[in-house]
Each structure stands twice: as structure tokens, then as C-alpha cells.
Amino acid sequence: MTKEKIKQAALVAFAKGGYEGMSLAEVASAVGIKTPSIYAFFKSKQDLFMTIYHELLDEHAAQLVQQTNVMEIEGSEQRLRKVVEAMIDYHLREQTKTEFLTRVNLFPPDFLKDEMRSRFAQNEQQIRSSLVAIFSEGIEQGDIRSEPLHELVDSFLCLLDGLFLQTFYYNKEKLETSFFHAWKFYWQGISNRTANC
């Protein structure tokens with residue numbers, strides 16, 4: 001229980017101040033323990049930071065992969081759109097986690113940058129594998145243009161990344177409007193319109 005409280009307090013502190021702006025004393029005070037007590041659970045500030053980072057990357061990837069596996073949604077457009085909508089909902093619901101991921105991915109501590117990028121790439125590969133299945137199915141069904149799968153996945157992840165950043169700046173109404181406009185042109189770009197005419 002104490003370990004989870006430490007992680008929750010540290011998440012808030014990292015989200016507000018970044019790595020450099022967070023202190024273990026601040027976390028200890030928030031939890032109601034003395035600073036040395038943190039070392040019973042985490043070896044260092046770096047260990048605490050990377051534990052939270054890894055867990056949030058895994059949670060983020062799991063949320064996305066879960067949506068790609070929702071089979072009752074028919075049609076590749078509906079399935080892809082549902083993935084984006086679910087991720088927008090997740091980020092709006094989990095604002096502290098989103099603020100943490102936004103801050104640390106844009107401004108990672110220099111000495112952790114390589115390790116963070118390596119872990120990010122691992123998680124992204126899991127996400128890519130799930131998306132490839134949707135795009136492959138869409139091409140086979142004639143809904144999506146026959147293009148290299150990695151290019152289709154790249155374009156989709158860029159759309160997600162752009163909307164992810166906007167969750168940091170916009171309220172729900174503005175974000176939904178932005179998504180509505182972005183999706184219209186995104187789908188026009190990848191859909192196999194000639195087959196649907």
C-alpha cells in the first residue's frame with residue numbers, strides 16, 4: 001500500500017515539475033512518511049521515475065492494443081476510429097498520467113534519454129503489430145488502399161501523437177472537434193475510394 005502511495009505522489013510531482021523539479025522529500029511529505037522510508041521500496045529517485053515510466057507505457061500500450069482487438073466492431077474505418085476515440089477518452093480521463101507522459105517524453109532527463117527511447121520503441125512495436133492486423137484486414141476487404149503496411153501504421157501513429165499532444169492544451173469539446181476534422185481528411189487519404197464508389 002505504501003509503495004503504491006509513493007508512486008501516486010511521485011507521479012503527480014513528476015507531472016508538475018519534471019524529473020529535475022521533483023524531490024523525494026516532497027513525495028515523502030505527500031505520503032506522510034520520512035524521506036529515507038522511500039528507499040525501502042525504490043533504490044533511488046531514478047528507480048522511482050523509471051518504474052512509473054515503464055508502468056505508464058505498458059498501460060498506454062495495453063489500452064490501445066485492447067481496442068484493436070475489439071472484434072464486434074465491423075469495418076476497418078470504424079475499428080481504427082474507435083481506437084483513436086478510446087485513446088482520447090483515456091487521456092482525458094487520466095490527465096495526470098497524460099501530463100507525465102507528455103512532459104517526460106518531450107523533455108526527458110539527458111542521462112535517461114537513451115533508456116527511455118529504447119523502452120518506448122519496445123512498447124511501440126507491440127502497438128504496431130496490433131495495428132498491422134487492422135490495416136491488413138482493411139486492404140483485404142477493399143476498404144483501405146493497398147499501401148505498404150508500415151507506412152499506413154506510421155501515418156496512424158502520427159495522427160494519434162498529434163491528438164495526444166492536443167490533450168495537453170485543449171478541453172474535451174475542442175479536442176473532439178479537432179479529431180472530427182482530422183479524421184475526415186485522414187480517412188479520405190487512406191480509404192480505397194474507387195472500390196467504394
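Go through (1) 51, 37, 35; (2) 53, 35, 26; (3) 68, 32, 32 and flag the label whose value is the computed Cα extents along the principal axes in Å for this structure.
Comparing each candidate, only (3) matches the computed number.
Can you give the charge dipole size of the stretch 142-197 about its Cα centre, rounded to the nearest 20 debye, using +1 on the beta carbon of Lys and Arg and -1 on the beta carbon of Asp and Glu? Mind dumping the intermediate values first?
Values: 5 positive and 7 negative charges, 43 e Å.
Rounded to the nearest 20 debye, it is 200 debye.
From the P(r) of the stretch 121-182, can you give the percent of Cα pairs sitting at distances over 18 Å? Please list the in-between numbers first.
Values: 883 of 1891 pairs.
Here the tail beyond 18 Å accounts for 47 percent of pairs.
Check each of the chymotrypsin sites (Phe, Trp or Tyr not before Pro) in the stretch 83-188 and keep only those in coil by DSSP with at most 16 other C-beta atoms within 10 angstrom; list them in order. Numbers along the way, then the final one.
On the way: sites: Y90, F100, F111, F120, F135, F156, F164, F168, Y169, Y170, F179, F180, W183, F185, Y186, W187; in loops: F168, Y169, Y170.
Within the stretch 83-188, the qualifying chymotrypsin sites (Phe, Trp or Tyr not before Pro) (loop, at most 16 other Cβ atoms within 10 Å) are F168, Y169, Y170.
Taking the Cα centre of the chain as the origin and placing charges on Cβ (Lys, Arg +1; Asp, Glu -1), which of V70, Y19, F179 is farthest toward the positive end of the dipole?
Value: Y19.
Provide R79, R119, R103 ordered by accessible surface of protein heavy atoms (probe 1.4 Å), highest first. Provide the component values of the computation, followed by the final result.
Values: R79 15, R119 50, R103 70 Å².
So the residues, ranked largest to smallest area, are R103, R119, R79.
Given H placed 1.01 Å from N in the peptide plane, which residues other than close sequence neighbours of S191 have an amide H under 5 Å from its amide H?
R145
Given a 1.4 angstrom probe, what's the average accessible area per residue across the stretch 53-197, in square angstrom? Before the final figure, lay out the partial values.
Values: 8050 Å² over 145 residues.
Accessible area per residue: 55 Å².
Taking R0 as 22 Å, what FRET efficiency do you get between Q122 and Q66 from their Cβ-Cβ distance, rounded to the nearest 0.05? Before the final figure, lay out the partial values.
Values: r = 18 Å, r/R0 = 0.81.
With R0 = 22 Å, the Cβ-Cβ based efficiency is 0.80.
The values are calculated or read from the model by the stated rules, or taken from the named source; none is laboratory data. Keep in mind that what you see is a predicted model, and the values were worked out from it rather than measured. Glycine gets a Cβ as well: all are built from the backbone with ideal geometry, and neighbour counts include every protein chain shown. The area values use the complete protein model at the heavy-atom level, side chains included, leaving out ligands, DNA and RNA. Shrake-Rupley method; radii C 1.70, N 1.55, O 1.52, S 1.80 Å.
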